[in-house]
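See below for the structure under consideration.
The values are calculated or read from the model by the stated rules, or taken from the named source; none is laboratory data. The shown structure was predicted, so the numbers you read here are calculated from the model rather than taken from an experiment. Methodologically, a virtual Cβ is constructed for each residue, glycine included, from the backbone with ideal geometry; neighbour enumeration extends over all protein chains shown. The protein model used for the area step is the full one, side chains on, heavy atoms only, and it has no ligands, DNA or RNA in it. Shrake-Rupley method; radii C 1.70, N 1.55, O 1.52, S 1.80 Å.
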Amino acid sequence: MYCNQCEQTAHGTGCVKSPGVCGKDEDVQSLQETLLYGLKGMAAYASHARRLGKSDEKVSAFIEEALFATMTNVNFDTQSLLEMLLECGHQNLRVMQLLDEGHVETFGEPSPSVVREGTFAGPGILITGHDLLDLQDLLKQCEGTNVKVYTHGEMLPAHMYPKLREHPNLAGNYGGAWQLQKSEFAEFPGPIVATTNCILIPRPSYADRLFTTRCTAVPGGTRILDGDFSPVVAKALACPPLGDSHVKDTTIGFHQNVILGAADTIVQAVKDGKISHFFLIGGCDGAEPGRNYFTEYALATPPDSFILTLGCGKFRIRGADYGELLGLPRLLDMGQCNNAYSAIKVAVALAEAFNCSVNDLPLTLVVSWFEQKAVAVLLTLLALGVKGVTIGPNPPGFVTPNVFKILQEKFDLRLTGESAQADLAMAIA
Ligand code: SF4
Ligand code: SF4
């Protein structure tokens, strides 16, 4: 364990042995850190929702109380901290609901959309991160110019919202997940706007073209605090133009409202044996080779199954052609990581239609995690009683073996194994 949050920390540097000077042991520390990281993820979603005019006083009160529980000499009790973790999951569900409502009310009812991947000749701006309001502001400020705007990373799902998609300056998507940005941003000749995580410290070759918004900031980049993107537009006009490149077209936009619109067909197809299984393969992407597990898992899914995906983990699996089922793509891209809310709504609706619990559905969740929003989403799944979730590619370093054992016993939480194919065979069996 490591804790240095109070004055009595061992040797004035940190309690590294369990228990620490106050008596807090490594499992309590682990639960408090898990809570803290879940709260960080939830705070990111809550911040986006607040910008769209959505907030809930009960959520804010929970965040305050849960932070309080991580202070020195407040809570040494495993059971009550476990309860708080699950409450964090419930509150995060509420936050994701608020964010979803904010997105739909502000940008319109989502629908499937074909996105052009690549660039057009002429000036262009790349925008990445999760804040769709920044994208809308940028588009408005590009109106009347020949500057085109391209989405990157977690901004790709913007194309499912009509009020963003139909803007004449929104031209397509460029690039993949966050970990590729150092090469992709270097190759993109125009300015780049990073609205949230996951931003990396830029290479000197593009730092002067990198703009960030509000709390997102990097050395060498330019911060925009007031929503005035005129320096970005001016930079786009000053930079060398983009080339004409059409890489491919992809289909996104399978928000819960779209899938639930086809619920009768899907339920009947399950009853008729035309759909054998649903897989949720998504979450965060990252650079580790172990993340090929998720690619292999998706490739091994049977042709009569659907793959739901969300978050930038989709970039691990969206390169392949999975074909169609019932006239729909087998790979259904539901959106950003916060659209885990969509996946939950679909799972709950299917469970209601079959008069069973989510755990009794032919549904397997394989979640790639990287940062703290993924922690919040995992806590939501656990809070809803979802069992058998597989996470990877590595176990969280802040979860001690004892705490992991508790989660395994209560929720059958699993880690990705050596072989994606073997894990998949076990899930189907
Ligand atoms: S809170 Fe406890 S474990 Fe943490 S630094 Fe203080 S004495 Fe050490
Ligand atoms: S899904 Fe996670 S890792 Fe990916 S961009 Fe969003 S926050 Fe970052």
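At 1.4 Å probe size, put 76, 279, 120 in order of accessible surface, largest to smallest.
76, 120, 279
Can you give the accessible area per residue of the stretch 307-429, in Å², using a 1.4 Å probe?
Working: 4940 Å² over 123 residues.
It amounts to 40 Å² per residue over the stretch 307-429.
Is there a quick way to get the dipole size of the stretch 172-241? I mean about its Cα centre, with the Cβ of Lys and Arg at +1 and of Asp and Glu at -1; what is the value in debye to the nearest 20?
Roughly 120 debye, rounded to the nearest 20.
Rounded to the nearest 20 Debye, what is the dipole magnitude of the stretch 214-270 about its Cα centre when Lys and Arg each give +1 and Asp and Glu each give -1 at the C-beta?
240
What is the Cα coordinate range of the stretch 369-429 on the first, second and third principal axes, sorted by size from largest, in whole angstrom?
Rounded to whole Å, the extents work out to 28, 23, 22 Å.
Evaluate the stretch 180-287: find the radius of gyration of its Cα atoms, find its Kirkwood radius, and give the ratio Rg to Rh.
Radius of gyration over Kirkwood radius for the stretch 180-287 works out to 1.16.
Please report, as a whole percent, how much of the solvent-accessible surface of the chain comes from carbon and sulfur atoms (probe radius 1.4 Å).
So the carbon and sulfur contribution to the accessible surface is 54 percent.
Quick one: of 163/345; 182/373; 163/387; 248/387; 345/387, which pairs are farther than 27 Å apart, Cα to Cα?
Table pairs above 27 Å Cα-Cα are 163/387; 248/387.
How high is the relative contact order of the chain? Use alpha-carbon pairs under 8 Å, at least six apart in sequence, and give a whole percent.
Contact order relative to length: 18 percent.
Quick check on the chain: of the DSSP beta bridges with both residues there, what percent are antiparallel, nearest 5%?
Of those bridges, close to 25 percent are antiparallel.
Taking Cα pairs under 8 Å and at least six residues apart, what relative contact order does the stretch 120-247 come out at, in percent?
Details: 245 pairs, mean separation 40.7, N = 128.
Relative contact order of the stretch 120-247: 32 percent.
If 96, 71, 1 are ordered by their accessible area, calculated over protein heavy atoms with a 1.4 Å probe, which sequence runs from highest to lowest? Please report the intermediate quantities before stating the final value.
On the way: 96 0, 71 105, 1 55 Å².
Order by accessible area, largest first: 71, 1, 96.
Suppose every Lys and Arg Cβ carries +1 and every Asp and Glu Cβ carries -1, with no other charges. What dipole size does the chain come out with about its Cα centre, to the nearest 20 debye?
In total the dipole reaches around 580 debye.
For the stretch 83-143 and the stretch 3-73, what is the separation of their Cα centres, given in Å?
28
Put +1 on the Cβ of each Lys and Arg and -1 on the Cβ of each Asp and Glu in the stretch 299-385; which of 347, 331, 310 then has its Cα farthest toward the positive end of the dipole?
Value computed over the given set: 310.
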